[in-house]
Amino acid sequence: MTDIVSIVPRQTVKPLLEVKNLVTEFPLRTGIFKAVNDISFAIEPGKTLCVVGESGSGKSVTARSILQIVDQPGRIASGSIILNRQDGTSLDLAKLDPRSKAIRAVRGRDISMIFQEPMSSLSPVHTVGDQITEVLRLHLSMSKAEARKEAAELLRQVEIPNPEQALDRYAFQYSGGMRQRAMIAMALACKPQLLIADEPTTALDVTTQAEILDLIKRLQQTTGMAVLFITHDMGVVAQIADDVLVMHHGVVKEYGPVDQIFHSPQDPYTKMLIGSVLKLEQKAEIRLARPPLDTSAEPILDIRNLSMHFGEMKALNDVSISLLPGETLGIVGESGSGKTTMGRSIMRLYDPTAGEMHYRRANGQVVDLAKLEGAELKAARRELRMVFQDPFGSLNPRMTVAQVIGEPLLVNGIMKGKALDDKVCHLMEQVGLDPAGRERYPHAFSGGQRQRIGIARAITLNPRIIVADEATSALDVSVRFQVLDLLMRLQDELKLAYIFISHDIGVIRYMCDRVGVMYRGRLVEVGEAEKVCNNPDHAYTQALISAIPRPDPRDRDRSRRFRYVEPANTDTSNVKNGSSAR
Amino acid sequence: MLKFIVKRLLWMIPSLFAVSFLAFVLIQLPPGDFVTTYIATLASSNEVIDQNTAAQLRERFGLDQPMLVQYLKWVWGILSRGDFGMSFEWQQPVSGLIWERMALTLVLALASLIATWAIALPIGVYSAVKKYSIGDYAFTAFTFFGLSIPSFLLALVLMYVAAVEFGADVGGLFSQEYETASWSIAKMLDLLSHLWLPVAILAVSSTASLIRVMRANMLDELPKPYVTTARAKGLSEFRLLVKYPLRIALNPFISTIAWLLPNLISGSVVVAIVLNLPTAAPLLLQSLMAQDMYLAGAFVLLICALTLIGSLISDILLALVDPRIRLE
């Protein structure tokens, strides 16, 4: 522990915030859980410290400990948090009562905080203006009119158009990026010396994320505030950090300047984190080792002019793409681009408004999935399975793992009793789970294990196509690879074709053969994964790629980044037929 | 918004017709009619009525006509003259009978409602904020008692205690000398001195359930990120509670208005009978037992109208209070 602290090189300026040997614990029935265990760090004025770690590393609790807003029943057990104010006074925040006046005077004024989910972090029944003026009136004792004027100015500062009108609107009337801007405006209202940002861009699309990061950087330069930035995304760290604190299971693994962390990491855990990010920069080894696909084969699925409208909203607009046997087709796009609708339409969870989906069955017979009904649809559905995003929500908590995995066999009347049990054990071994745990319930498994259960369920009926909708988005990076590698291994073993839906270009590049890029219900570009991810043709794809934070602190060129503005006539840019675009 | 209100009001018309017809049919479904009941009552005091007199009575009340004709006549009377018909049993216009009782019903219902909310909401918030504290457990114990003791039993016990131990005058809402007197300050005071017992009895079980609901609502809201945001702004714990989670936790209560209104009439029948309260509920029960169709029909119609109006009011209020409903 002490050798880690001694790495801190510069002590020329008096740090704004010094955290020493902080321990935050949660009393549980089974004992005391130390969410943050003896960590120390310091932030200098105007600098950015990034705290990185996977879920459960204690990074959020660290941030909340500083403001004494740890959720019940957590409490700071020992250590100190010294805040050195500009006027020369110092205050140990760890010694203050969480409900005391002294700590309340620091919150929102000296140190303010923004959170991950801008929607739920703003009150749904109060206007944005109300929530911003509240801070101003509280700490700066402004009058209502003054506070309103100042709040409009703040919204202007975070580049919200028509700030006067925006004040009287509610959070749900804002877009995701706008909400986070409003949160930032609220946090900056009293010109704090330190801004704590707890995963502020995780819920946002990459292009929005890039804008928010730029905004924070710019505000930091003009106001000279320090930023404590909590994230799990090493790319973001590389782009914005001065110093980095790597956390794992409540302890500090490594602490030092960003360049050192990325280019000469000392700790094995840090090395693993950096390694897994760099891995996403290229194609998977399993993929490279595989013989090239037979591109002359008849497509297993041929989607032609597929449209899906929800009322006025065209979630899918004239999409055509094909899938070869054994191929992994990536579908990439931002939220609202229609990629999930596409996956669900293929599964016929939706009835498409128009278009055809020609599926070639194992015996060579071609059926149109868009038109199938009754028994034929049921038969086809057995050969098309889905893996979902949320490993927690997609498994019935009241069914044992054996029931979850065996259910498709049981309901289709294929197997029961001993044969079913043997099959379940075999499937669990196939996805790398110990069959001994098959009588346990999903809550006993970690996120990665649950996703393996979901995959086992998907391959139960020997499907030929698997639609994976953001299958690895909810997983930590270290687990993500294991699941991706598992999917690729199964693909080769079982001769599966994948439709892999993701917003993460890295994941797509790692495992896909071809990629389709979606934008507002349209497929704007289809091509080899290598080409689309590294050298795209369409302006939207270029903008998307440019917004992805590069995991290298020496490569911080923001000038390359630009936002895609849709041309007036969109039809010209629409790829009509994916199979012909090969 | 206006369009929505007009649409809802128009929808109320067919609903009211359907319900009134159903009510009319249901009241007539049991074998016999008011005259049969009347004869049975007289027979128990050894008075015998022959077939002819019975037929005459039926003709006088219009009970000899087919049911549909009776219904149409009744509805026509309401629509054209606002006449809800005569009560067979009381030999008085139905509307007069109902209105007479409505004022006191309203007083009692409002008094117990205010008592319930005033006690339950703060306790519910306290229980949620201090979850698993001694205070929370004490209130939880109270609420379980309050919910599990039948209110008529509570009424009997409290009546006994009040009458025997304290010599209070229980039963009814007035002392004998004021029962028929016209309204005066003295009568008001008399009413207040009688009101506390029924209010306390009626409030116990609803307070108990409301505390649980409020506690659950608050517990849902307290861990929400917007509460943490407010805390991170430096708001004091009390101000923060009142402004954010409490405000949102109260929204579900607005929906309860929908069933508060009909409860004015049909609620707490048993307690009202046990305590001999001159409210609407015992009258409703009596009219149903005696197959006094016009009186019962008018009651059912009123309950239905109040339900519809109540849900309209709560929908409008909810939209006014919650911008998500108003604007999305």
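General remarks:
- If you check A:Y540, A:Y519 for being among the aromatic types (F, W, Y) and without any contact (Cβ under 8 Å) to a residue 40 or more places away in the chain, only one passes: A:Y540.
- Residue list for the stretch B:91-143, restricted to those being closer than 30 Å to B:F61 by Cα and free of Cβ contacts under 8 Å to residues at least 40 places away in the same chain: B:Q91, B:Q92, B:P93, B:G96, B:W99, B:E100, B:A103
- Residue within the stretch B:78-89 that is more than 15 Å from B:S206 (Cα to Cα), of a type in the set (K, R) and touching a Leu at 6+ places or on another chain (Cβ under 9 Å) present: no
- Answer residue from the stretch B:84-130, given it is at pLDDT below 90 and part of a loop (DSSP other than H, G, I, E, B) and is surrounded by the fewest Cβ atoms within 10 Å (Cβ to Cβ) among those: B:Q91
- Qualifying residue in the stretch A:186-204 (condition: hydroxyl-bearing (S, T, Y), within 11 Å of chain B (Cβ to nearest Cβ) and at negative phi): no
- Scanning the stretch A:329-360 for residues that are over 30 Å from A:Q209 (Cβ atoms) and in contact with an Asp or Glu (Cβ under 7 Å, 6 or more places away or on another chain) turns up A:E356, A:M357, A:H358, A:R360.
- Within the stretch A:292-332, considering residues that are touching a residue at least 40 places away in the same chain (Cβ under 8 Å) and on the phi > 0 side of the Ramachandran plot, the one farthest from the chain's Cα centre (by Cα): A:N305
- Checked across the stretch A:479-491, the condition of being buried (at least 21 other Cβ atoms within 10 Å of the Cβ), on the phi > 0 side of the Ramachandran plot and at pLDDT 85 or above holds for no residue.
- None of B:G172, B:G167 is in contact (Cβ under 8 Å) with a residue 40 or more places away in the chain and either within 23 Å of B:A115 (Cα to Cα) or more than 14 Å from every other protein chain (Cβ to nearest Cβ) (or both) except B:G172.
- The stretch B:216-263 - residue that is within 30 Å of A:R64 (Cα to Cα), out of contact with any Pro (no Cβ under 9 Å at 6 or more places or on another chain) and β-branched (V, I, T) and, of those, surrounded by the fewest Cβ atoms within 10 Å (Cβ to Cβ): B:V242
- Taking the stretch A:466-546 and the strands (runs of 3 or more DSSP E) fully enclosed by it, the elements with 3 or more residues that are under 20 Å from A:R450 (Cα atoms) are at A:497-502.
- Note on the stretch A:155-181: residues that are among the charged types (D, E, K, R), at negative phi and surrounded by fewer than 19 Cβ atoms within 10 Å (Cβ to Cβ) amount to 4.
- Matching strands (runs of 3 or more DSSP E) fully within the stretch A:63-131 where at least 2 residues are in contact with a helix residue (DSSP H, G or I) (Cβ under 9 Å, 6 or more places away or on another chain) and facing another protein chain (nearest Cβ under 8 Å): A:111-114
- Residue match in the stretch A:401-423 (condition: among the aliphatic types (A, V, I, L, M), touching a residue at least 12 places away in the same chain (Cβ under 8 Å), closer than 30 Å to A:T201 by Cβ and out of contact with any helix residue (DSSP H, G or I) (no Cβ under 6 Å at 6 or more places or on another chain)): no
- Scanning the stretch B:284-297 for residues that are closer than 19 Å to B:F61 by Cα, aliphatic (A, V, I, L, M) and surrounded by fewer than 24 Cβ atoms within 10 Å (Cβ to Cβ) turns up B:L288, B:M289, B:A290.
- Looking only at the stretch A:132-154, and only at residues there that are among the hydrophobic types (A, V, I, L, M, F, W, C) and surrounded by fewer than 19 Cβ atoms within 10 Å (Cβ to Cβ), the one that is farthest from the other protein chains (Cβ to nearest Cβ): A:A145
- Members of the stretch B:301-328 found to be within 14 Å of chain A (Cβ to nearest Cβ) and of a type in the set (G, A, S), listed by number: B:A319
- Output for the stretch A:35-48, where each listed residue is part of a strand (DSSP E or B) and surrounded by 17 or more Cβ atoms within 10 Å (Cβ to Cβ): A:A35, A:V36, A:N37, A:I39, A:S40, A:F41, A:A42, A:I43, A:T48
- Exactly one residue out of A:I465, A:I414 is buried (at least 17 other Cβ atoms within 10 Å of the Cβ) and within 26 Å of A:R360 (Cα to Cα): that is A:I465.
- For the stretch A:201-222, the candidate set comprises residues that are in contact with a Leu (Cβ under 7 Å, 6 or more places away or on another chain) and in a helix (DSSP H, G or I); within that set, the residue that is surrounded by the most Cβ atoms within 10 Å (Cβ to Cβ) is A:I212.
- Conditions (1) closer than 30 Å to A:E528 by Cα; (2) modelled with pLDDT of 95 or more; number of the one not met by A:L245: (1)
- Selection within the stretch A:223-233 - under 22 Å from the mean Cα position of the chain (by Cα) and surrounded by 21 or more Cβ atoms within 10 Å (Cβ to Cβ): A:V227, A:L228, A:F229, A:I230, A:T231
- Sole residue being surrounded by 15 or more Cβ atoms within 10 Å (Cβ to Cβ), away from chain A (no Cβ under 14 Å), of a type in the set (A, V, I, L, M) and under 15 Å from B:V107 (Cβ atoms), chosen from B:V213, B:V204, B:V269, B:V199: B:V199
- Among the candidates A:E54, A:E117, residue that is touching a strand residue (DSSP E or B) at 6+ places or on another chain (Cβ under 9 Å), of a type in the set (D, E) and surrounded by fewer than 21 Cβ atoms within 10 Å (Cβ to Cβ): A:E54
- Hey, A:A145 without any contact (Cβ under 8 Å) to a residue 12 or more places away in the chain and over 26 Å from A:L17 (Cα atoms) or not: yes
- Where a residue in the stretch A:183-200 is in the same structural domain as A:L16 (by TED's automatic domain parsing) and among the charged types (D, E, K, R) and its partner, wherever it lies, is assigned to a loop (DSSP other than H, G, I, E, B) and surrounded by fewer than 23 Cβ atoms within 10 Å (Cβ to Cβ), with Cβ under 7 Å and at least six apart: A:D198/A:Q116; A:E199/A:Q116
The values are calculated or read from the model by the stated rules, or taken from the named source; none is laboratory data. As the structure is a computational prediction, the values presented were derived from the model and not from experiment. Positions of Cβ are generated from backbone atoms using ideal geometry, with glycine treated the same way; all protein chains shown enter the neighbour counts.
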